[in-house]
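Inspection log for the structure reproduced underneath, given as C-alpha cells.
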Amino acid sequence: MKKLITISALAAAFALSLSAAAFADGWAKENSQWVYYQNGIKVTNDWRTSADGGYYYLDSYGNMLVNSFVDYERYVDAIGRMVTAAWRQIDGKWYYFDTNGKLIRNKSKQINGVYYFFDYEGCMSTGWVEDDSGDWYYCDPGDGHRITSAWKKLEPDESMAIDYSEESTINEDGTYWYYFQSSGKMTRADSSEYKEAVINGARYAFDEYGRMTTGWVKLNDTTPAIAGWKYYNDSTSLGTYGAAHTGWLSAYPPENADLGSDVAWYYFDSRGVPYHGTDVGSGDDDETLVAKFRRLTINGKTNTYLFNEYGNPVYGLRKVYRSNGTVTSMYFGTKQESCLQLGEKNITEADGTVSVFHFESNGYGTNGVKNGRLYYMGKLQKAYDDTYAYYTVNGTTWLVNKSGNVVKNHNRRKDPTDVEYRSDSSGHKDGGTESDSELNAPEFVTTEL
C-alpha cells in the first residue's frame, strides 16, 4: 500500500543541516524561505544538496520549492526534498518517481515485483489500458496493479470498437469474461477468427476482442466441417463454464454450418474435438464411412460407436470400409442405441424388407458359413424361386435351401437325365447344372442423420 512519507523527522534534520550564517555560501533562511548562496550569489533554477544527502530545488527567485513539480519531471516534498524511488499521491492521483527522482510516464514499470502502467502525464493507470502495440491490459481500479494470470468479468472499453453484430457470450449485466495472461496481456484472437487457449488444464475460446465465448465455436476450416468446431460449455451443468466440452452432448448442430438442423448426439474427446467420420461415398446411393471405432464406457458398460461426417453416432445398417479396403456391413441398432450390435439380428433394411443378419465379434458382417448357414456381408443367403440355390462367397460356391442352410451331399434329379443341384460333403457345388444366383446384398441406410 502506498503511503505519504512522514516528514516531521526529515524537517527537523533538514533544519539542523541548514543552520548557516546569513549571506555565507551555503544554505540560509530569509523571510521564512530557504535559499542557497554560492560565491555570494543566490542560486536560482537549480538543484543543491544538503547534509542529509537529499536534493532541493531553488526556483527563479532563489526560494526552495516544496510540494511542487520541477519541470514536470521531478517532485519535491513538504520539506523540499526530491522524491526518489517512491510513490506520491498528488491532487488525488498516484505517481511514481525512480531512483533518480524522474517521473515514470508513458510506460509500464515493475515496482516491488508488481507491474503498473503510467500515462503520458505520469499518472498511474487503472482499468483498461492499451499499449503502443495494440495489446490490452487491465489494472486494478483500487491500487492500479496489472492483473495477471486471472479471469475478470468486465465491461469492454469504449475504444475497443467492438462489432456487436458478432456473436459472443454477454452476461446479463453487460459484461464479458476476459482472461489476462502471466504477462498481463489480454487473451484474444489475432483476426476475426477465434483463438483457443489452455488455462489451468481446460480449453477456452476467445474472439478478436478478447471476449470468452460459449456454445459452438468454429476454430478452423476442415473436411469434414464438424472437425473444425468445438462446443464450449454454456452452463455449469455441462461442466466448467466456458471450457471446451468433453464427453457426450445432446445439442442442435452449429447454425449455418450445413451440419443438419435437428438435435443430435456428439462425443468430444479430451481436447474437445468431436468424434467424426469421413464421407467417402463415390456418388452412389450408399452412405459410406471411414472412421476409427470408438470404444466408450458409459455407466460401466462399454460399447463401440461409429460417427458420421456430421459428428453424430450412426445407427441402422451401415456400409463401412475395412482396413484392407474391402467393404462390409455393420449394424448399430436403433437410433436410441446407436452402438455396434453383434450376433444374429433381424434387421429392417432400407427398402423395408426384414432380413436375418449375423455379425462377428469384431462387428463385421459374416462373409461365409456360420452355424451351418451362408451369409454375404452379414446377410443370410437363401433360395427364393426354387427349393435350392447356388451362391458364391469368397470364391467358393455353396448350395443352400430356403432357410439359408448349407445343403451337403445333395444329388437331386429334376428329370431322369439332368442333375440340377449337386453338392459334396462340405456343401460346395459339385457338378450341378444350375447357374449361380446373384448374391442378395444388404440394402443400406441412405438417409442423412
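The values are calculated or read from the model by the stated rules, or taken from the named source; none is laboratory data. All of these numbers come straight from a predicted model, not from anything done at the bench. Heads up, the Cβs are rebuilt from the backbone with ideal geometry, glycines too, and the neighbour counts pull from every protein chain shown. For accessibility, only protein heavy atoms count, side chains too; no ligands or nucleic acids. Shrake-Rupley method; radii C 1.70, N 1.55, O 1.52, S 1.80 Å.
Can you give me the angle between helix 8-17 and the longest principal axis of the chain, using Cα atoms only, in degrees from 0 to 90, rounded to the nearest 10?
40 degrees
Lys and Arg at +1, Asp and Glu at -1: add these up for the other residues within a Cβ distance under 11 Å of Thr353 and post the number.
Spelling it out: positives minus negatives among the neighbours equals -2.
Sorted by packing (mean other beta-carbon atoms within 10 Å per residue), highest first, where do 183-189, 155-161 land?
183-189, 155-161
Just the accessible area per residue of the chain, please: how many Å² with a 1.4 Å probe?
With all protein chains present, the chain gives 53 Å² per residue.
Note down the nm distance, to one decimal, between modelled labels 7 Å out along Cα→Cβ at Tyr61 and at Asn100.
3.1 nm
Looking at region 184-266 from every direction and averaging, what is the projected area of its Cα convex hull in nm²?
Averaging across all directions leaves 6.0 nm² for the Cα convex hull.
Out of every Cα pair in the chain, what percent are spaced more than 38 Å from each other?
The proportion of pairs with Cα distances above 38 Å equals 57 percent.
Where the accessible area of region 194-267 is counted over protein heavy atoms with a 1.4 Å probe, how much of it, in %, is carbon and sulfur?
In region 194-267, the share of accessible area belonging to carbon and sulfur is 43 percent.
Suppose R0 equals 56 Å. What FRET efficiency, 1/(1 + (r/R0)^6) with r the Cβ-Cβ distance, do Ser435 and Asp221 give to the nearest 0.05?
About 0.60, to the nearest 0.05.
At a Cα cut-off below 16 Å, give the lysines reachable from Lys42, other chains included and same-chain residues fewer than 8 away excluded.
Lys29
Can you show me the helix-derived [θ] at 222 nm for the chain, built from DSSP H runs with n ≥ 4 at -39,500 (n - 2.57) apiece and divided by the number of residues, rounded to the nearest 500.
Only helices count here, giving -500 deg cm²/dmol.
Using only the Cα atoms of region 209-256, what semi-axes does the equivalent ellipsoid have when each is the square root of 5 times a gyration tensor eigenvalue? Give whole Å, largest first.
One finds semi-axes of 18, 14, 9 Å for region 209-256.
Hey, any idea what the orientation-averaged projected area of the convex hull of region 131-272's Cα atoms comes to, in nm²?
9.7 nm²
Beyond 21 Å, what share of the Cα-Cα pairs of region 329-409 remains, rounded to the nearest whole percent?
For region 329-409, the fraction of Cα-Cα distances above 21 Å is 29 percent.
Tell me the relative contact order for region 100-194 as a rounded percent, counting alpha carbon contacts under 8 Å between residues six or more apart.
21 percent
Over what distance in Å are the Cα centres of region 324-341 and region 67-142 separated?
69 Å
So what is the orientation-averaged projected area of region 226-365, using the convex hull of its C-alpha atoms, in nm²?
Taking the Cα atoms of region 226-365, their convex hull projects to 9.8 nm² on average.
Could you pull out every one of the lysines with an alpha carbon less than 29 Å from that of Lys152, ignoring same-chain neighbours closer than 8 positions?
Lys2, Lys3, Lys93, Lys107, Lys109, Lys185, Lys195, Lys218, Lys230
From the P(r) of region 44-159, could you give the percentage of C-alpha pairs in the tail past 25 Å?
Summing the P(r) tail past 25 Å for region 44-159 gives 33 percent.
Apply 1/(1 + (r/R0)^6) to the Cβ-Cβ distance of Tyr384 and Thr236, taking R0 = 56 Å, and write down the FRET efficiency to the nearest 0.05. List each step's numbers first, then the result.
On the way: r = 59 Å, r/R0 = 1.06.
In this case the efficiency is close to 0.40.
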